[in-house]
Every structure is written in structure tokens, then in C-alpha cells.
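Colleague: Got a structure for you, written out below as C-alpha cells; questions coming shortly.
Computed from the coordinates by the stated procedures, all read-outs in this text should not be read as laboratory data. Model, not experiment: these values are computed from the prediction. As a convention, Cβ positions derive from the backbone with ideal geometry for all residues, glycine included, and neighbour counts pool all protein chains shown.
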Amino acid sequence: MQNTALSNKHIALGAKMVPFAGYNMPVSYSGLNDEHITVRKSVGVFDVSHMGEFILKGTNALDLIQRVCSNDASILVDGKVQYSCLPNATGGIVDDLLVYRINAETYMLVVNASNIQKDWDWIVSHNTKGVEMKNISDRTSLLAVQGPKAIDCLQKLTSVNLSEIPYYAFKKGTFNGIENVVISNTGYTGAGGFELYFDNEVAEKMWDAIFEAGKEFGIKPIGLGARDTLRLEMGFCLYGNDIDDSTSPIEAGLGWITKFSKEFTNSQTFLAQKEKGVGKKLVGFEMIDRGIPRHDYEITDASGKTIGKVTSGTQSPSLQKGIGMGYVSADLAKTDAEIFIRIRDKNLKAKVVKLPFLKN
């Protein structure tokens with residue numbers, strides 16, 4: 001089990017620690033609901049240093065990204081970020097990721113912790129034109145400072161004007177006296193905020209400074225439990241649950257990151273799906289009957305016939321009702337369609353809703 005540079009901080013704070021993607025990670029501190037509401041209303045800090053970071057460099061770096069990623073990275077300019085996925089050869093997804101354009105010949109890819117080696121091997125297998133690749137995951141720490149008060153908290157620690165960094169853009173600058181910090185207007189919560197990338201050696205110094213700056217806003221450390229409920233309220237996919245090696249981006253509602261203006265791995269298969277339609281689709285649903293949907297619960301139609309499985313589900317702390325996502329047959333994927341979730345041998349009524357669950 002690997003630790004992040006901040007594991008001792010979490011343990012000292014009394015976090016409940018769990019194994020996650022090979023790392024010893026905090027799942028909760030003060031409790032999931034309290035942490036969730038803190039991020040929605042004020043500011044919270046996630047240690048997500050378990051995520052993977054690869055640097056791709058050289059004249060053919062963009063060419064490699066274009067061939068392995070579904071989205072069109074050619075539209076990126078310096079300082080912009082793009083959400084994308086790595087399609088596989090069998091119609092599924094190797095991983096979803098973020099692509100950072102540092103300059104025309106230098107990119108950073110941010111991948112899921114559980115897929116670091118798998119993604120690295122996949123990209124290496126397509127690196128036929130000598131792109132210089134560096135895996136900097138083990139020496140990089142990442143803090144996600146999220147919530148409406150994140151900008152007020154973080155602005156105290158840098159001269160970089162944070163309000164001038166648009167959504168899905170970043171700047172490199174001095175933060176808390178530390179040079180070369182990547183300050184990125186991204187996150188997995190839908191609550192606003194920034195993600196900060198820096199070397200492991202300064203992780204504790206960064207953590208302490210951020211908590212000092214956020215004291216007046218009631219800043220709190222946030223665990224993976226609330227990270228999951230926050231992302232689910234926004235309808236963001238989680239790799240391993242909502243998308244995986246067997247689900248296509250078209251089925252998963254990720255057609256918007258699947259661009260056919262270029263060739264990429266298996267693009268013809270996905271183009272055919274887009275043109276002809278797919279048999280199943282990932283949908284969001286809200287419970288009408290009282291009940292909490294959970295991962296792998298069966299989804300049925302009105303006759304009780306199984307039509308799919310819940311991929312993600314929870315009791316929404318913001319909405320105070322059960323919400324979830326799952327794949328259903330295309331004919332039942334329409335907004336307001338009635339479906340049922342099998343909870344403790346009862347088929348409880350739910351309805352398909354448009355994502356995100358939480359409307360800003």
C-alpha cells in the first residue's frame with residue numbers, strides 16, 4: 001500500500017483511512033454529509049495525489065495524443081485543459097483523462113490512479129514516433145481546493161490573478177513562495193475551485209498554508225466519500241463504475257468528447273455507433289419511492305424484467321433523495337421514463353432525469 005506525501009497529515013487529523021487504487025487514502029474526516037455540504041457552501045481540500053501525471057514532449061507529442069485520445073487536442077492553446085478518453089481496440093475505454101497543453105511540444109496527461117500503469121503501457125504501445133515520455137506520478141502531489149470560497153482562500157497565497165483563469169484553463173506560477181506550481185481551474189465537484197500540482201517535498205508546507213488561509217471560511221479536509229457524492233450530483237463519470245473497458249463513449253453520453261474530425265483508435269466503430277445509434281445508454285435517475293440505489297443493484301422495467309444495473313448511486317446530501325446512474329436499453333433512456341431499482345427484493349420506482357442532478 002502506497003502513501004501520499006500527506007498521509008501522515010490525514011492520520012493525525014483522525015481521518016478514516018481505506019485502501020484505494022493501491023494507496024492508503026482518507027475516505028472521511030468529520031463525516032460524509034458534513035464534508036459534502038462544506039464543499040458546496042464554502043471550501044474543502046482533497047488530497048488527490050494518487051492520480052497519475054505523464055509528460056509528453058517533442059514535435060510529435062500532439063500527433064500521439066490525437067491518435068490515442070477521442071477528443072480533438074489540436075484546438076488547445078497554451079494554458080488550456082481538455083477532458084478526453086483513451087478508447088480501446090474493442091469498443092470500450094482504457095481510461096478518461098485530462099490533457100494539459102503547456103506549449104506546442106509539451107503536454108501533461110492526468111490519469112486515474114488505478115490505471116496509471118495500464119495507461120502508460122497503452123500510450124507507450126502507440127508511441128511510434130519517438131515522443132519523449134516521463135511518468136512523474138510518484139513525485140507529484142495534487143490538491144483539489146473546491147467550493148465557492150476556494151478562490152478567496154487561495155488568492156491570499158499567490159500574485160497570479162485567479163479570477164483571470166477561465167474554467168478548464170491553468171497558469172504556472174509562484175504559490176505560497178513555491179515556484180512552478182500548476183494552478184488549474186478544474187475539479188470533480190461542480191462547486192468551483194482549483195487543482196494545484198507541485199512536488200512532493202513541499203506538500204505539507206502547501207497543505208498548512210492553504211488551511212491557514214481558509215480558516216476564516218471554515219475550510220475542512222475532505223475525503224473520497226464526499227468526492228464521490230459531489231461528482232455524482234454533477235453526473236460526472238467514474239472510471240471502473242460508469243465507464244470501463246467494455247463501455248463505449250457513445251453509450252456513456254461522452255459523444256461530446258468523441259471528435260471525428262481526425263482518426264483515433266477504433267474511431268470507425270464509434271462513428272458507426274453515433275450514426276446508427278446504440279442499444280444501451282448511460283442515464284441519470286432519481287428515486288420516486290424511498291430508497292438508496294447502490295452500485296450493481298438491478299434496474300428493471302415495469303414488468304420486473306432486468307434491463308440494466310446501477311453503476312453509481314447514493315443518497316444525495318444536497319437534494320435529500322436517492323440518485324444514481326446506470327445503463328438501460330435505449331428506448332428507456334428518455335427523460336421522465338419510468339424505471340425501477342431492485343432494493344432488498346423490492347422494485348422501487350425511479351425516473352430518468354437529465355444530468356446534472358444538481359442544477360446550478
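Colleague: Mind checking which aspartates and glutamates have their C-alpha under 16 Å from LYS346, skipping anything on the same chain fewer than 8 residues away?
Modeller: Cross-link targets: ASP289, ASP296, GLU298, ASP301, GLU338.
Colleague: Go through the stretch 7-17 residue by residue and turn each phi into a ³J(HN,Hα) via Karplus (6.51, -1.76, 1.60, θ = phi - 60°); whole Hz please, and just put x for glycine and proline.
Modeller: Values, residue by residue: 4, 5, 4, 4, 5, 4, 7, x, 5, 7, 9 Hz.
Colleague: State, as an integer percentage, the relative contact order of the chain based on alpha-carbon contacts under 8 Å between residues 6 or more apart.
Modeller: 18 percent
Colleague: Tabulate in residue order the Karplus-calculated ³J(HN,Hα) for the stretch 50-65, using 6.51 cos²θ - 1.76 cosθ + 1.60 with θ = phi - 60°, rounded to whole Hz; enter x for Gly and Pro.
Modeller: 6, 4, x, 10, 10, 9, 10, 9, x, 5, 9, 4, 5, 4, 5, 4
Colleague: Next up: Taking the convex hull of the alpha carbon atoms in the stretch 139-182, what volume per residue do you get, in Å³?
Modeller: Once divided by residue count, the hull of the stretch 139-182 is 85 Å³.
Colleague: Taking the Cβ of GLN155 as the centre, find all other residues whose Cβ is under 12 Å away and add up their charges (Lys, Arg: +1; Asp, Glu: -1). The partial results should precede the final answer.
Modeller: On the way: positive: LYS149, LYS156; negative: ASP152, GLU164.
In short, 0.
Colleague: GLY240's amide H: which non-local residues (gap 5+, or another chain) put their own amide H closer than 5 Å, with H modeled 1.01 Å from N in plane and none for Pro or chain starts?
Modeller: Amide H neighbours of GLY240, under 5 Å, 5+ apart: none.
Colleague: Of GLY284, ALA337, GLN320, which is farthest towards the positive pole of the stretch 279-353's charge dipole, taken about the Cα centre with +1 and -1 on the beta-carbons of Lys, Arg and Asp, Glu respectively?
Modeller: GLN320
Colleague: Out of residues 5 or more away from VAL18 or on other chains, whose amide H comes under 5 Å of its own, with H placed 1.01 Å from N in the peptide plane?
Modeller: Under 5 Å from the amide H of VAL18 lie the amide H atoms of MET25, VAL27, each far enough along the sequence or on another chain.
Colleague: Could you work out the local net charge near ILE343, counting Lys and Arg as +1, Asp and Glu as -1, over the other residues with Cβ closer than 12 Å to its Cβ?
Modeller: Working: positive: ARG290, ARG294, ARG342, ARG344, LYS346, LYS349; negative: ASP289, ASP296, GLU298, ASP345.
Spelling it out: positives minus negatives among the neighbours equals +2.
Colleague: Mind pulling the per residue volume of the convex hull built on the Cα atoms of the chain? Å³ is fine.
Modeller: Once divided by residue count, the hull of the chain is 134 Å³.
Colleague: Under the rule of -39500 (n - 2.57) per DSSP H run of 4 or more residues, summed and divided by the residues of the chain, what mean residue ellipticity at 222 nm is obtained, to the nearest 500 deg cm²/dmol?
Modeller: -5500 deg cm²/dmol
Colleague: Related question: Can you list the HN-Hα couplings for the stretch 107-116, worked out from phi with the Karplus curve (6.51, -1.76, 1.60; θ = phi - 60°), rounded to whole Hz and with x for Gly and Pro?
Modeller: Along the stretch 107-116, the couplings run 10, 10, 10, 10, 10, 6, 4, 6, 10, 4 Hz.
Colleague: From the C-alpha coordinates alone, can you work out the Kirkwood hydrodynamic radius of the stretch 279-353, in Å?
Modeller: Result for the stretch 279-353, one decimal place: 11.6 Å.
Colleague: Check GLY193: other-chain or 5+ apart residues with amide H under 5 Å from its amide H, H built from backbone geometry?
Modeller: Result for GLY193 returns GLY147.
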